[in-house]
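A.B. asks: Could you have a look at this structure, given as structure tokens, before my questions?
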Amino acid sequence: MNQNKIALAIHGGAGTIMRSEMTAELEQEYRNGLQNALSIGWQILQTGGSALDAAQEAVVILENFPLFNAGHGSVFAHDGKNEMDACLMDGESQKAGAVAFVRNVKNPIKLARLVMDETEHILLAGAGANDFAREMNVELETDDYFFTDFRYEQFLKARKEGVVELDHSPDEIKIIEEEQQQSAEKKFGTVGAVACDSYGNVAAATSTGGMTNKKFGRIGDTPIPGAGTYADNQTCAVSCTGHGEFFIRNVVAYDVAALMKYKNLSLQDAAREVVEKLRAIGGEGGLIAVDTKGNLTLPFNSEGMYRGFVAADGEFIIKIYGDQK
């Protein structure tokens, strides 16, 4: 083990997140969820574990936390089912594993890891991915596990109006207000983690339930290496959150690494430039990134982003709103 600085960052989605729409109790729930994920990932890094394991296990905790749009808290697709995507990537080997529109898989990020470790493929989708899940004996859940009243009401409203919505859209805030912010039913955002371990290896993991009322097997940026998730020991690891179509078109996660590699930009400058490019074309969202020296950055162009990080000093920092720089 060398003296590289270990670091970990996580996110729970970016979007319309304002203090005026948040009760103190609800905010504390979100903070607790982020804190728990950070704690699990950090423990792995502190005991000499790999960046890949730390990122994966942090995302597992976020998938199990019902307030975010991943795993347990996933939004509903057009047919009233939950379709989930996930991806992870190892910066040392540059291997990646991903799954798209899988159903009834408790932790899609674990299935993505099995795709990476147990197959020669990178991305499995739909029925085939579910067949693989059963073959690997991953933990499955019934539809009831993924059902929450708030997400279902959000879905019914979107389907009636014939729209496809991000999980953190302004319409969600309206529904929250109508329900008087009953805390157990408020969920935002794709989740993700990036880590740097004591060997200087980096890794990224991302998981999502996609967009409310999505149709036709729509896949966003999350399970696409280079778009929503990327890791390379020559540069950095990146996990993205936002309107996936914009992130795919701009190959956002890879673009951060490319600016570092080919323009010699710092991690912070590269990430900031990419997020501003998104803003210029109307793309909303953000990203978290770490380089091989343990430097972290968490830029976004929306009202806020659920986020947390811990670096070599061991201090846990958790933020939600856009004015918390």
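A.B. asks: Taking the conditions exactly as written (touching a Gly at 6+ places or on another chain (Cβ under 7 Å) and more than 24 Å from G210 (Cβ to Cβ)), does I317 satisfy them or not?
C.D. replies: For I317, the condition - touching a Gly at 6+ places or on another chain (Cβ under 7 Å) and more than 24 Å from G210 (Cβ to Cβ) - is met.
A.B. asks: Continuing with the same structure: Test A270 against the criterion of being at pLDDT 95 or above, among the small types (G, A, S), out of contact with any His (no Cβ under 8 Å at 6 or more places or on another chain) and part of a helix (DSSP H, G or I), and give yes or no.
C.D. replies: For A270, the condition - at pLDDT 95 or above, among the small types (G, A, S), out of contact with any His (no Cβ under 8 Å at 6 or more places or on another chain) and part of a helix (DSSP H, G or I) - is met.
A.B. asks: Would the stretch 15-37 turn up any residue that is in contact (Cβ under 8 Å) with a residue 60 or more places away in the chain, in a helix (DSSP H, G or I), under 18 Å from A237 (Cβ atoms) and of a type in the set (A, V, I, L, M, F, W, C)?
C.D. replies: Within the stretch 15-37, one or more residues are in contact (Cβ under 8 Å) with a residue 60 or more places away in the chain, in a helix (DSSP H, G or I), under 18 Å from A237 (Cβ atoms) and of a type in the set (A, V, I, L, M, F, W, C).
A.B. asks: Tally the residues that are in contact with an Asp or Glu (Cβ under 7 Å, 6 or more places away or on another chain) and buried (at least 24 other Cβ atoms within 10 Å of the Cβ), restricting the search to the stretch 18-44.
C.D. replies: Adding up the residues that qualify gives 1.
A.B. asks: Under the condition of being at positive phi and part of a loop (DSSP other than H, G, I, E, B), which residue from the stretch 71-104 is surrounded by the most Cβ atoms within 10 Å (Cβ to Cβ)?
C.D. replies: In this case the residue turns out to be N104.
A.B. asks: How about the stretch 276-290: which of its residues are buried (at least 24 other Cβ atoms within 10 Å of the Cβ) and in a helix (DSSP H, G or I)?
C.D. replies: Scanning the stretch 276-290 gives a single hit, L278.
A.B. asks: Something else about it: Sort out which residues of the stretch 208-219 are of a type in the set (G, A, S) and either at pLDDT below 80 or surrounded by fewer than 24 Cβ atoms within 10 Å (Cβ to Cβ) (or both), and write them in order of number.
C.D. replies: Once the filter is applied, which keeps residues that are of a type in the set (G, A, S) and either at pLDDT below 80 or surrounded by fewer than 24 Cβ atoms within 10 Å (Cβ to Cβ) (or both), the stretch 208-219 yields only G217.
A.B. asks: Can you pull out the strands (runs of 3 or more DSSP E) entirely within the stretch 193-263 that have at least 2 residues that are in contact (Cβ under 8 Å) with a residue 60 or more places away in the chain and either touching a Lys or Arg at 6+ places or on another chain (Cβ under 8 Å) or aliphatic (A, V, I, L, M) (or both)?
C.D. replies: 202-208
A.B. asks: Something else now. Could you identify the single residue in A125, A129 that is in contact (Cβ under 8 Å) with a residue 40 or more places away in the chain and among the hydrophobic types (A, V, I, L, M, F, W, C)?
C.D. replies: A125
A.B. asks: Pick from F132, F68: which is within 12 Å of T208 (Cα to Cα), touching a Leu at 6+ places or on another chain (Cβ under 7 Å) and aromatic (F, W, Y)?
C.D. replies: Of F132, F68, the one residue that is within 12 Å of T208 (Cα to Cα), touching a Leu at 6+ places or on another chain (Cβ under 7 Å) and aromatic (F, W, Y) is F68.
The values are calculated or read from the model by the stated rules, or taken from the named source; none is laboratory data. Only a predicted model underlies this, so the values are computations on that prediction, with no experimental measurement involved. Positions of Cβ are generated from backbone atoms using ideal geometry, with glycine treated the same way; all protein chains shown enter the neighbour counts.
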